[in-house]
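Let me begin by presenting the structure, written as structure tokens, before commenting on it.
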Amino acid sequence: MRENRRIRRMERNRKKIPGLNLTSLMDVFTILVFFLLANSSSSEVLATPKQITLPDSVVEAKPRETVVIMVSPTTVLVQGESVVNTPDLLVSTDKSIPAITQRLSQLEQNIIGISTKEIVESKEITVLADKTIPFKVLKKIMLTCTASGYGKISLAVIQKASQN
């Protein structure tokens, strides 16, 4: 009995430490995670290969995910696959390039996943061309893309600060 009373008295006099309420802290972290997930999925910068030097320009529109054609001084790549050599395009007298047409139709047939389907169905192309490439070559590539049904063509540039 004595022990019992003594234990009860000690429990009463002991300072109680209030428990930490984690509910609001978890709410804040959950909102933060959703915010970061929603804003990290949009990629706004195209990776430029080392062999291509893009021209500088003032750009107002942000890039979208499209079919990418890279034109280096040596080769032309459509979605990362080498299609034709650039020096051959300079010599050629044809207005269109059958290898690019074939690769674009192949991309339309080999759709895997929703994001790839959206990219191909948008019928947009972004051309990353080295600034030393003659316009004659770019004109042939753009004519080929237009003939293949890709009407929206964008030329990639390096964004420099606006003069305002």
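Please treat every number below as a calculation from the coordinates, not as lab data. Small disclaimer: the values here were computed from a predicted structure and weren't measured. For neighbour counting, all protein chains shown are included, and Cβ atoms are generated from backbone atoms with ideal geometry for every residue, glycine included.
Some observations on this one:
- Nitroxide proxy distance, nm - points 7 Å out along Cα→Cβ at K95 and E3: 10.5
- A simple packing score, the average count of other Cβ atoms within 10 Å per residue, orders the peptides 133-145, 23-35 as 133-145, 23-35, with the highest score first.
- Nitroxide proxy distance, nm - points 7 Å out along Cα→Cβ at L36 and R12: 5.0
- Residues of segment 72-100 with amide N under 12 Å of a point placed 7 Å along Cα→Cβ from A147: 93-100
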